[in-house]
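Below is one structure, written out as structure tokens; comments come after it.
All of the numbers you see were taken from the coordinates with simple rules; none came from a lab. Here the structure is a predicted model, which means the values were calculated and not measured. Note that we place each Cβ from the backbone using ideal geometry, even for glycine, and neighbour counts take in every protein chain shown.
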Amino acid sequence: MNMAQTGIAACCLALLSGCVAPTPGEQAPPDTPAAAPLPQAPPPPASAVTVEQFDTTTAAEREAAAAPVAAAEARLGTVVATLGNPTDPGFWVKTGLVSAPRPGRLEDPATGATVRVELRPLDAASDTDGQTSLAALRTLGVSLTGLPELRVYGL
């Protein structure tokens, strides 16, 4: 290989190293941006009493969290979602399906609605338990007092 061929090969390898293939059988929607970091919502005020006061995420943040994700993902399982601590802001789910925090996504199989979340470990829980943030449940449009079954995906 001459010097020019070596340079071209190095450039091709550098470009390809940033590519991520979708999980077999799954494809990212065309022209879908890669997942942006989730917003860090401030904690609710101590005087909060309503859902709107406890959920400190903005409509734009909820819309961004519900946007499709182009990153490769793997289905981890299904959880029965209950409302987690409403004073813990942001988009997250605590589940026995993970042992360390990582990015993920929840999907309501009944409606197809999705939301990007931080997957957090839930100590001493079964794989089917899922304490879910107020913002995530609202973005999915599910009942805050119900027990919806949600699919969990790891990114």
Quiz item: In nm, to one decimal, how far is the THR87 label point from the THR50 one, both placed 7 Å along Cα→Cβ?
Solution: 2.1 nm
Quiz item: To the nearest 20 debye, what is the magnitude of the charge dipole of the range 57-155 about its Cα centre, counting +1 on the Cβ of each Lys and Arg and -1 on the Cβ of each Asp and Glu?
Solution: 120 debye
Quiz item: Could you give the nm distance between label points at ARG102 and GLU149, where each point is 7 Å from its Cα heading toward the beta carbon?
Solution: 2.4 nm
Self-check item: Whole-number percent relative contact order across the range 40-155, with pairs defined as alpha carbons under 8 Å at least 6 apart
Solution: 35 percent
Quiz prompt | Using a Förster distance of 22 Å, the FRET efficiency for GLN40-ALA67 (Cβ separation, nearest 0.05) | solution = 0.80
Quiz item: What does the convex hull of the Cα atoms of the range 57-155 come to per residue, in Å³, rounded to a whole number?
Solution: 87 Å³
